[in-house]
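The values are calculated or read from the model by the stated rules, or taken from the named source; none is laboratory data. Keep in mind that what you see is a predicted model, and the values were worked out from it rather than measured. Reconstructed Cβ throughout: ideal geometry from the backbone, glycine too, with neighbour counts over all protein chains shown.
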Amino acid sequence: LAPGGADARHLGLDPEQGDDRLAMLDAFETDLHRVFATTGQEPRHPLLRALRPTVRRRALTPEPFLGLIEANRQDQKVRRYATYGELAAYCELSANPVGRLVLALTGTTSPERVRLSDAVCTALQIVEHL
């Protein structure tokens, strides 16, 4: 989400909240839940409205998206990870969901592929932190 008022307005926030990254992420998460809801309000943000047909067609689940949002929350609060375990836990939120989404979108998900994808995505994320 870009700083500024446009995304804030799309998410139902005051445009002045556009620079409050945590408020924006909270609003984006709320709107993301609308993507996966079977009844009720349509997503407000155009990006999430555009995502909805793909979610339905590919039977995507909210978990990878929620992990990415949580990783972005961590990005606002954490500058360094003291242990490998902390960094690996961050990768579980920030990198592994991307690989899992690719597998889901291509219809190639299997337990072994998820395991391998997680290993590759974690490794790439760790290299980025070096």
ask   = Within the set of pairs 6+ apart or on separate chains, which have a first residue in the stretch 33-61 that is on the phi > 0 side of the Ramachandran plot, a second that is surrounded by 12 or more Cβ atoms within 10 Å (Cβ to Cβ), and C-beta atoms under 7 Å apart?
value = Gly40/Arg34
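Just to verify a result, which residue in the stretch 33-60, among those that are part of a loop (DSSP other than H, G, I, E, B) and among the aliphatic types (A, V, I, L, M), is farthest from Ala104 (Cα to Cα)? It would help to see each step written out before you state the result.
Step one: list which residues in the stretch 33-60 are part of a loop (DSSP other than H, G, I, E, B), which gives 37-45, 59-60.
With the extra rule that they be among the aliphatic types (A, V, I, L, M), the set shrinks to 37, 59-60.
Values: Ala37: 19, Ala59: 8, Leu60: 7 Å.
The residue in question is Ala37.
Applying the selection to the stretch 48-78, what residues are charged (D, E, K, R) and within 19 Å of Cys91 (Cα to Cα)? Break it down into steps so the answer makes sense when it comes.
First pass over the stretch 48-78, keeping only residues charged (D, E, K, R): 49, 52, 56-58, 63, 70, 73, 75, 77.
Across the stretch 48-78, the qualifying residues are Glu63, Glu70, Arg73, Asp75, Lys77.
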key: Sole exception among (1) assigned by TED's automatic domain parsing to the domain that holds Thr30; (2) among the hydroxyl-bearing types (Ser, Thr, Tyr); (3) touching a Leu at 6+ places or on another chain (Cβ under 6 Å) for Thr54, by number   = (3)
request  = Tell me which residues, restricted to the stretch 107-128, are in a loop (DSSP other than H, G, I, E, B), under 22 Å from Leu51 (Cβ atoms) and small (Gly, Ala, Ser).
outcome  = Gly107
remark   = Checked Ala104, Ala88 against criteria (assigned to a helix (DSSP H, G or I), under 23 Å from Leu25 (Cβ atoms), out of contact with any Lys or Arg (no Cβ under 7 Å at 6 or more places or on another chain) and of a type outside the set (Val, Ile, Thr)); the one match is Ala88
query = Which residue out of Asp31, Asp19, Asp7, Asp75 is of a type in the set (Asp, Glu), surrounded by fewer than 16 Cβ atoms within 10 Å (Cβ to Cβ) and not assigned by TED's automatic domain parsing to the domain that holds Val114?
reply = Asp19
Subset of the stretch 83-114 (residues that are surrounded by 15 or more Cβ atoms within 10 Å (Cβ to Cβ) and on the phi > 0 side of the Ramachandran plot) = none
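Going through the stretch 1-32 one residue at a time, which ones are of a type in the set (Asp, Glu), assigned to a helix (DSSP H, G or I) and free of Cβ contacts under 8 Å to residues at least 40 places away in the same chain?
Keep residues of the stretch 1-32 that are of a type in the set (Asp, Glu), which gives 7, 14, 16, 19-20, 26, 29, 31.
Pick out the ones that are also assigned to a helix (DSSP H, G or I) and you get 7, 16, 19, 26, 29, 31.
Listed by number, the residues that qualify are Asp7, Glu16, Asp19, Asp26, Asp31.
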